Amino acid sequence: MADGHFELGLDTFGDVTLDADGTPKSAAQVIRDVVEQAVLADKLGLDYFGVGEHHRDDFAVSAPDMVLAAIATQTKRIRLGSAVTVLSSDDPVRVFQRFSTLDAVSHGRAEVTLGRGSFTESFPLFGFDMANYEELFEEKLELFSELLKEKPVSWSGNTRPALSQQMVYPHTESGTLKSWVAVGGSPQSVVRAAHYGMPLMLAIIGGEPLQFAPFAELYHRALKEFGQPEQPIGVHSPGHIAETDQQAQDELWPHYAAMHSRIGRDRGWPPLTRAEFDLTAGPRGALMVGSPETVAAKITTVAKALGLSRFDLKFSHGTLPHEAMMKSIELYATEVAPRVRANLTKD
């Protein structure tokens, strides 16, 4: 927040929602809905719109950069990026080329957020062995950090063919493609982001956000130790906004619970109870759910405790209807964002 402007953004995974009659929408319609959501976010003055990458039937978006390019043609100022790009199962050269192309189409508004992938369907799909999970990300992030310099690259490793003084095109007009590293709960990943001097995006999807304060402190220490300049820290957290706390929780609960159960079947999670949901949606929990006043207060607390420059609300949740998401976006932009910025400016 070096310029005094605290950024507020949105993230979506393009979750497959339901029609009015309760049948699942087509992936094509969901993608068109995502574009409409981004256009609203731009119109209302939000700072960022991120689209996630998945390769399964409950999420419609497998190529975020394509969706973002479509959004770029219908928006004017909002920054556009991924949430996240699974670098481990992609090629760093192609990732750079796609997002530098998005940067051109959007007149310099592109960003990329790189992650290892909490969903792993892309690994078998593209022929990668999960046994190489750590090596894939480490090597590919190393290469990507070299590509960001937009100079001839020489690189060799085990996960892709070597490069020798290779130029990669197109270059960005500004010479800079803002690139975040997404981190879930690993100190090693925090240090890795600092090593490459990349901004840190903390994915806080459960527990208590203030427990991540040591990660922010570790990141700042590591940047100094590596001789890197200070970089911004952002947080990505799920949430939903309505006129009252009760309305927001009641609207979100059935869709969030169903999504949790569906993903939990693959990961061995027990079913989510309403009491557990209410606790996570409470004052100290990671779910940013409630009225504009409630959500603004929670974001302010987290922003101050972690020294944030950006907060991204993950506003899509399973089958939560498009209309409810549009209302949540409206309240986030018109009522939450001004409250958060006013709260942070006071101190």
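Output the residues belonging to region 1-34 that are of a type in the set (Asp, Glu) and under 21 Å from residue 205 (Cα atoms).
Here is the first cut: in region 1-34, the residues of a type in the set (Asp, Glu) are 3, 7, 11, 15, 19, 21, 33.
Scanning region 1-34 gives 7, 11, 15.
If a residue must be within 22 Å of the chain's Cα centre (by Cα) and over 20 Å from residue 163 (Cβ atoms), how many such residues does region 127-153 contain?
Residues that pass the stated criteria total 2.
Go through region 92-140 and count every residue that is in a helix (DSSP H, G or I) and of a type in the set (Gly, Ala, Ser).
Here the count works out to 4.
Restricting attention to region 7-63, and to residues there that are without any contact (Cβ under 8 Å) to a residue 24 or more places away in the chain and among the polar types (S, T, N, Q), which single residue is surrounded by the fewest Cβ atoms within 10 Å (Cβ to Cβ)?
Selected residue: 23.
Checking the condition in a helix (DSSP H, G or I) and hydrophobic (A, V, I, L, M, F, W, C), which residue from 61, 67 passes? Working first, answer last.
Details: 61 fails: in a helix (DSSP H, G or I).
The conditions single out 67.
Of the residues 28, 20, which is assigned to a loop (DSSP other than H, G, I, E, B) and more than 17 Å from residue 332 (Cβ to Cβ)?
Numbers: 28 fails: assigned to a loop (DSSP other than H, G, I, E, B).
Testing whether each residue is assigned to a loop (DSSP other than H, G, I, E, B) and more than 17 Å from residue 332 (Cβ to Cβ) leaves just 20.
Filter region 137-165 for residues that are polar (S, T, N, Q) and surrounded by 15 or more Cβ atoms within 10 Å (Cβ to Cβ) and give the result. Lay out the reasoning, then the answer.
Taking region 137-165 and keeping what is polar (S, T, N, Q), we get 145, 154, 156, 158-159, 164-165.
Correct list: 145, 159.
Collect the residues in region 31-54 that are of a type in the set (A, V, I, L, M) and in a helix (DSSP H, G or I), keeping them in residue-number order.
To start, the set of residues in region 31-54 that are of a type in the set (A, V, I, L, M) comprises 31, 34-35, 38-41, 44, 46, 51.
31, 34, 35, 38, 39, 40, 41 - these are the residues of region 31-54 that are of a type in the set (A, V, I, L, M) and in a helix (DSSP H, G or I).
If you take the residues of region 220-256 that are acidic (Asp, Glu) and in a loop (DSSP other than H, G, I, E, B), which of them is farthest from the chain's Cα centre (by Cα)?
So the first thing to find is which residues in region 220-256 are acidic (Asp, Glu), and the list is 225, 230, 243, 245, 250-251.
Imposing the further condition that a residue be in a loop (DSSP other than H, G, I, E, B) reduces the set to 230, 243.
Values: 230: 21, 243: 25 Å.
Here the residue is 243.
Given the criteria farther than 24 Å from residue 188 by Cα and free of Cβ contacts under 8 Å to residues at least 12 places away in the same chain, does residue 263 qualify?
Values: farther than 24 Å from residue 188 by Cα: yes; free of Cβ contacts under 8 Å to residues at least 12 places away in the same chain: yes.
For residue 263, the condition - farther than 24 Å from residue 188 by Cα and free of Cβ contacts under 8 Å to residues at least 12 places away in the same chain - is met.
Quick check on region 320-342: of everything there that is of a type in the set (Ser, Thr, Tyr) and under 19 Å from the mean Cα position of the chain (by Cα), which residue is farthest from residue 235 (Cα to Cα)? Lay out the reasoning, then the answer.
Of region 320-342, the ones of a type in the set (Ser, Thr, Tyr) are 328, 332, 334.
Next, only the ones that are under 19 Å from the mean Cα position of the chain (by Cα) stay: 328, 332.
Values: 328: 18, 332: 16 Å.
Only one residue tops the list, namely 328.
Take region 286-317 and flag every residue that is under 16 Å from residue 213 (Cβ atoms) and not in a loop (DSSP other than H, G, I, E, B). Before the answer, list the steps.
Let us first name the residues in region 286-317 that are under 16 Å from residue 213 (Cβ atoms), namely 286, 298-309, 311.
If the condition is that a residue be under 16 Å from residue 213 (Cβ atoms) and not in a loop (DSSP other than H, G, I, E, B), then 298, 299, 300, 301, 302, 303, 304, 305, 306, 311 are the ones that fit.
Specify which of the listed residues (338, 283, 270) is out of contact with any helix residue (DSSP H, G or I) (no Cβ under 6 Å at 6 or more places or on another chain), assigned to a loop (DSSP other than H, G, I, E, B) and farther than 30 Å from residue 22 by Cα. Let's see the steps before the verdict.
Values: 338 fails: assigned to a loop (DSSP other than H, G, I, E, B); 270 fails: farther than 30 Å from residue 22 by Cα.
Within the list 338, 283, 270, the selection yields 283.
Inside region 77-122, can you point out the residues that are modelled with pLDDT under 95, farther than 19 Å from residue 197 by Cβ and in contact with an Asp or Glu (Cβ under 9 Å, 6 or more places away or on another chain)?
Listed by number, the residues that qualify are 117, 119.
For region 182-214, how many residues are touching a residue at least 40 places away in the same chain (Cβ under 8 Å), surrounded by 17 or more Cβ atoms within 10 Å (Cβ to Cβ) and part of a helix (DSSP H, G or I)?
Going through region 182-214 one residue at a time, the tally reaches 4.
How about region 216-237: which of its residues are within 25 Å of residue 294 (Cα to Cα) and touching a helix residue (DSSP H, G or I) at 6+ places or on another chain (Cβ under 8 Å)?
Correct list: 216, 233, 235, 237.
For residues in region 240-276 being in contact with a His (Cβ under 9 Å, 6 or more places away or on another chain) and surrounded by 18 or more Cβ atoms within 10 Å (Cβ to Cβ), which is nearest to residue 329 (Cα to Cα)?
So the residue we want is 240.
The values are calculated or read from the model by the stated rules, or taken from the named source; none is laboratory data. These numbers come from a predicted model, not from an experiment. Note that each Cβ is placed from the backbone with ideal geometry, even for glycine, and that neighbours are counted across all protein chains shown.
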